[in-house]
C-alpha cells in the first residue's frame with residue numbers, strides 16, 4: 001500500500017486518539033491556571049515569532065543553502081506549533097494544558113503572523129495574491145484539537161472513575177499509531193536525503209537543536225517551571241508540517257514534468273524537518289522520563 005494514500009488519515013487518527021486521551025485526565029482548572037499565568041504561552045509566541053525566523057535566515061546564509069531550501073526553512077520557522085507536540089509533552093510528563101493552549105493560540109495567530117513573517121523575510125518568492133488557508137487552520141483547531149479535547153474532558157466528567165484507564169489505553173493506541181506513522185514515513189521514499197548534499201540536512205538538524213535551546217532560554221527568561229519549560233521547548237521544535245504542506249501546495253503547485261526549484265526545495269525541508277523534529281522530541285521525552293541530561297537530571 002502507498003503510504004502517501006493513508007498518511008493523512010493515520011496522522012489524524014493518532015492525533016484525535018491522543019487528544020481525547022489527554023482530555024480525559026485534564027480539568028478546566030488546569031487551563032484556567034494557564035490563562036491566569038500566561039508566561040508559558042507568551043514564551044512560545046516570543047520564540048516562534050521573534051527568535052526562530054531570524055535563526056532560519058542565519059543558518060541559510062551560513063550554510064549557503066539553495067533558495068528553495070532557504071525559503072522552505074523560513075516556512076517551517078513561520079509555522080505554529082504542531083499537534084504532535086501535545087502528545088510528546090504528555091509522554092514526557094510535561095504541562096499538557098500549557099502545550100494545548102499554546103498550540104491553539106499560535107495556530108490562530110498564524111493567520112496573521114505566518115503571512116507577516118513570510119512577507120518580511122521571503123517576499124521575493126511570494127505571489128501578490130498570497131493568503132493563508134483560513135479554512136484549513138480553523139479545521140485543524142476545531143476538528144483535531146478542541147473537539148477531541150472537549151470530548152475527553154466530558155468523558156472525565158461523566159465517568160470519573162473509568163476516565164484514567166481509558167486515557168491510558170487511548171494514549172497507548174496513539175503511541176502505537178505514532179510508531180507506525182514514523183516507520184511508514186521512513187520507508188515511503190518521498191524524499192532522498194542526499195539530494196541536496198550534506199549541508200542541507202545538517203542545517204535542518206541544527207535548526208531543530210538550536211530551536212530547542214532557544215526555547216529553553218525563552219522559558220528560563222520567563223521563569224517557567226521545568227514541566228512548563230519542557231512543553232514550551234517541544235512547542236517550538238515540533239511545527240505544523242501539515243499546514244506547511246498545504247501552504248507549499250498553494251504557493252508552488254506541482255506540475256508533472258516541470259521542475260520547480262523553489263517548490264521542490266521547500267517540500268524537501270518540510271518533510272525532512274518534520275521527521276527531524278519528531279526525532280528530537282522523542283529523544284527529549286526519553287531523557288526526561290529517565291531523568292538524565294543537563295535539563296532533567298535530579299539535583
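The values are calculated or read from the model by the stated rules, or taken from the named source; none is laboratory data. Computed from a predicted structure; not experimentally measured. Cβ: placed from backbone, ideal geometry, glycine included. Neighbour counts: every protein chain shown.
Taken over the stretch 64-86, the criterion of being touching a strand residue (DSSP E or B) at 6+ places or on another chain (Cβ under 9 Å) and part of a loop (DSSP other than H, G, I, E, B) is satisfied by 79, 80, 82.
Is it the case that residue 252 is modelled with pLDDT under 90 and buried (at least 21 other Cβ atoms within 10 Å of the Cβ)? Give the steps one after another, and end with the answer.
Numbers: modelled with pLDDT under 90: yes; buried (at least 21 other Cβ atoms within 10 Å of the Cβ): yes.
Yes, satisfied.
Selection over the stretch 91-132 of residues that are within 26 Å of residue 279 (Cβ to Cβ) and in a loop (DSSP other than H, G, I, E, B) gives a count of 4.
Inside the stretch 121-158, can you point out the residues that are loosely packed, with under 13 Cβ neighbours inside 10 Å and either touching a helix residue (DSSP H, G or I) at 6+ places or on another chain (Cβ under 9 Å) or farther than 17 Å from residue 101 by Cβ (or both)? Give the derivation first.
First, the residues of the stretch 121-158 that are loosely packed, with under 13 Cβ neighbours inside 10 Å: 123-124, 127-129, 131, 134-135, 139, 142, 157-158.
Within the stretch 121-158, 123, 124, 127, 128, 129, 131, 134, 135, 139, 157, 158 qualify.
Please indicate, with yes or no, whether at least one residue in the stretch 278-295 is assigned to a helix (DSSP H, G or I) and at pLDDT below 90.
Scanning the stretch 278-295 turns up no residue that is assigned to a helix (DSSP H, G or I) and at pLDDT below 90.
Please work out which residue is modelled with the lowest pLDDT, limiting yourself to the stretch 186-209 and to residues that are within 15 Å of residue 279 (Cα to Cα), touching a helix residue (DSSP H, G or I) at 6+ places or on another chain (Cβ under 9 Å) and surrounded by fewer than 20 Cβ atoms within 10 Å (Cβ to Cβ). Spell out how you get there, then give the answer.
So the first thing to find is which residues in the stretch 186-209 are within 15 Å of residue 279 (Cα to Cα), and the list is 186, 201-202, 204-209.
Retained after the next criterion (residues that are touching a helix residue (DSSP H, G or I) at 6+ places or on another chain (Cβ under 9 Å)): 186, 201, 204-209.
If we keep only those that are surrounded by fewer than 20 Cβ atoms within 10 Å (Cβ to Cβ) too, we end up with 186, 201, 205-206, 209.
Values: 186: 61, 201: 94, 205: 97, 206: 98, 209: 98.
Among residues in the stretch 186-209 that are within 15 Å of residue 279 (Cα to Cα), touching a helix residue (DSSP H, G or I) at 6+ places or on another chain (Cβ under 9 Å) and surrounded by fewer than 20 Cβ atoms within 10 Å (Cβ to Cβ), the one modelled with the lowest pLDDT is 186.
Has the stretch 12-23 got any residue that is over 15 Å from the mean Cα position of the chain (by Cα), part of a helix (DSSP H, G or I) and either at pLDDT 95 or above or surrounded by fewer than 17 Cβ atoms within 10 Å (Cβ to Cβ) (or both)? Yes, some residue in the stretch 12-23 is over 15 Å from the mean Cα position of the chain (by Cα), part of a helix (DSSP H, G or I) and either at pLDDT 95 or above or surrounded by fewer than 17 Cβ atoms within 10 Å (Cβ to Cβ) (or both). Per the conditions (1) closer than 21 Å to residue 71 by Cβ; (2) surrounded by 15 or more Cβ atoms within 10 Å (Cβ to Cβ); (3) in contact (Cβ under 8 Å) with a residue 40 or more places away in the chain, the sole criterion not satisfied by residue 215 is (1).
Per-residue answers, yes or no, for (1) within 14 Å of the chain's Cα centre (by Cα); (2) more than 26 Å from residue 229 (Cα to Cα):
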| residue | (1), (2) |
| --- | --- |
| 55 | no, no |
| 74 | no, no |
| 84 | yes, no |
| 91 | no, no |
| 126 | no, yes |
| 131 | no, yes |
| 134 | no, yes |
| 139 | no, yes |
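Which number in (1) in a helix (DSSP H, G or I); (2) over 17 Å from the mean Cα position of the chain (by Cα); (3) buried (at least 21 other Cβ atoms within 10 Å of the Cβ) marks the one condition that residue 31 misses? All conditions are met except number (3).
Given the criterion in contact (Cβ under 8 Å) with a residue 12 or more places away in the chain and either closer than 22 Å to residue 71 by Cα or out of contact with any helix residue (DSSP H, G or I) (no Cβ under 6 Å at 6 or more places or on another chain) (or both), identify the matching residue among 226, 253. After ruling out the rest, the residue left standing is 226.
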